[in-house]
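Accompanying notes for the structure given below.
The values are calculated or read from the model by the stated rules, or taken from the named source; none is laboratory data. Keep in mind the model is a prediction, meaning the values are calculated, not measured. Neighbour counts are summed over all protein chains in view; Cβ atoms, including those assigned to glycine, are modelled from backbone coordinates with ideal geometry. What goes into the accessible areas is simple: the full protein's heavy atoms, side chains included, and nothing from ligands, DNA or RNA. Shrake-Rupley method; radii C 1.70, N 1.55, O 1.52, S 1.80 Å.
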Amino acid sequence: GRQQAINEFKLRRKDGKYVYVETEASVIHREEKPMVIQGIARDITERKNAQEMLQQSEQKLRNIFESVADGVFTMDMNGVYTEVNQAMLDMHRLTSKNDLIGVNAFDCVAPSNMEEARAGMEQTTREGAIVTKQFISRRLGDGSEFPVEISAKLLTDAWGNATGFVGIARDVSQRKQAEEEKRQLEQKAQLASRLASVGELAAGIAHEINNPLTSVIGYAQLLSGEENIPDDMRKDLKAIIEGANRVAGIVKRLLTFARQTKPQQTLVSIADLVTSTVELRAYHLRNGNIKVTTQFDPELPVITADPGQLQQVFLNLIVNAETEMKQAHGKGKLLITTEKVGKTIRISFKDDGPGIAKENLDRIFHPFFTTKEVGEGTGLGLSICYGIVSEHGGRIWAESQPGKGATFIVELPVVARASQPKPAKPKEEKVQKVAKAKILAVDDEPMILQLLGRLLAEEGYRLDTVDNAADAMKMIDKERYNLILLDIKMPDMSGIELYERLQKIAPSLARRVMFITGDVMGPETEAFLSQARAPYVTKPFDASKLKKEVRRLLSRG
């Protein structure tokens, strides 16, 4: 008989090196007695080394597999997980691999994304290369949903047969949030840039527009004041004045973009401000069959803001909602709510109108963007709202689904500042006409000088006119004037520079200066007028109001 045994040994060779040896020995028996041991010895060092390297490689891959921050998985051709790493478990809020291995990956896909997920698997099978897709996934641990990015590749055996898939899953919630924040910042920057451009444009052209506009309104008012003019002509003049005033209003709204001064802030109750704004529009809302409901947080704190500017925002949002609802179905419901959210106050205006198309949601605050017909709006209303809210350190946005109404939301910071004292109301002055008063008008626009000449001649005043500050100084040296009408913006020497010279050489005359401005006033100009307590009128000015203001200043001596 023969008995065989296989063993492995680690032997030291004569040269001192160790080798692995595999022996295969047999004992040969004769008459049931062991007689001979016969065997074979093989040097299996290379094989052992290869095995150890394979084990080390497998352990290294296992360590990498478990330490990768992203989820790594393998699955069979049906989409059933066959192996997952720790990150996959963490992503699904699970603790044991047994909770995920054996689960079909499609059970982790949100129903709304199921079709896209199956298409992704088919594409991966068809192309063989790495395919990357994004889905809304469902965490098995708590059922919550999150965006996940899957990069998967087809696995094949030695004969090229498909055996399954290997892939990487990445939770992209933070990336999505960062992308959205970046998009909002870019949108805000683009909008701010557009608003700044409009502001620069407005500041540049306002002076040129307001000068001829002042003449149109002024001469039209002069003509309409004549006694013996036909009624039809008086009606035409009224139309001219109304049209010119409409242009003046548009220019004024344009200048809102160039406004660089901070809001005139006082302590404001948002609930009271919303209520007063609704009351201001109550008649139109009733006629339009619009029912307004308000829900105010009773614990809402007061905030520091400019009530006039905020009322402009609220009124614009109410009028927009009212218009849309009336056009859609001749009536409507408007819900206005206020609540404290963190360190902000949120005011929401929710209507049941036609809603806003998705492609327009990002454009509605852009200057001049409007969906209305030509002549029905300038496209400036929401841009002005955006500018005002931004000046207050807040934000404004819209949420809507077509056919399901729209909600405009304003968020304002709760800032604890002391209320600025309200300016004292001027005392009523007894205004008397100063006969034969002599006035100097300084303006670089001939049409304005001509208009002032006509208006003030009607009052019996004597008027000298000059179109630049240097010549005005010469005239002031020769003549004694009761009042100086001074344009702020002039070439070479501005009205303010001329005024400052007067303060040095003729302080009493400097106190008899009234400024005229036709463009946006920057913070320096506003600060100057406030400090100097100098009266001013803005172009285009109303003829009767200008006369009244001149009369008032002259009566002060």
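Computed values, structure above
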quantity: Rounded FRET efficiency, nearest 0.05, which uses the C-beta distance separating GLN177 from ALA50 and R0 of 45 Å; calculated: 0.40
quantity: Highest to lowest packing among 80-89, 314-323, scored as the average C-beta count within 10 Å; calculated: 314-323, 80-89
quantity: Computed label-point distance, nm, for sites THR156 and ASP232 using a 7 Å Cα→Cβ extension; calculated: 9.2
quantity: Extension reserve of the TYR18-GLU526 stretch, reckoned as 0.36 nm per residue once the Cα distance is removed; calculated: 173.4 nm
quantity: Neighbourhood net charge (15 Å Cβ-Cβ; Lys/Arg +1, Asp/Glu -1) for VAL19; calculated: +2
quantity: Cross-link pairs LYS291/LYS326; LYS436/LYS539; LYS478/LYS548; LYS235/LYS539 - those with Cα-Cα distance over 18 Å; calculated: LYS436/LYS539; LYS478/LYS548; LYS235/LYS539
quantity: Spin-label model distance (nm) - ALA357 vs ARG533, 7 Å beyond Cα toward Cβ; calculated: 5.7
quantity: For segment 140-152, 3J(HN,Hα) per residue [Karplus equation, 6.51 cos²θ - 1.76 cosθ + 1.60, θ = phi - 60°, Hz, x = Gly/Pro]; calculated: 5, x, 10, x, 6, 10, 7, x, 10, 10, 10, 10, 10
quantity: Accessible area, probe 1.4 Å, largest first, for residues SER112, SER57; calculated: SER112, SER57
quantity: Net charge of Cβ neighbours under 15 Å - reference ALA69; Lys, Arg +1; Asp, Glu -1; calculated: -3
quantity: LYS350, LYS235, ranked by accessible area, largest first (probe 1.4 Å); calculated: LYS235, LYS350
quantity: Under 5 Å, built H, 5+ apart or other chain: amide partners of LEU463; calculated: ILE439
quantity: Neighbourhood net charge (9 Å Cβ-Cβ; Lys/Arg +1, Asp/Glu -1) for GLU479; calculated: +1
quantity: Virtual spin-label span in nm between ALA239 and ARG511, 7 Å along Cα→Cβ; calculated: 5.1
quantity: Sequence of LEU440, LEU382 when ordered by accessible area, the most exposed leading, probe 1.4 angstrom; calculated: LEU382, LEU440
quantity: FRET efficiency, ILE205 to ILE136 (Cβ-Cβ, R0 60 Å, nearest 0.05); calculated: 0.75
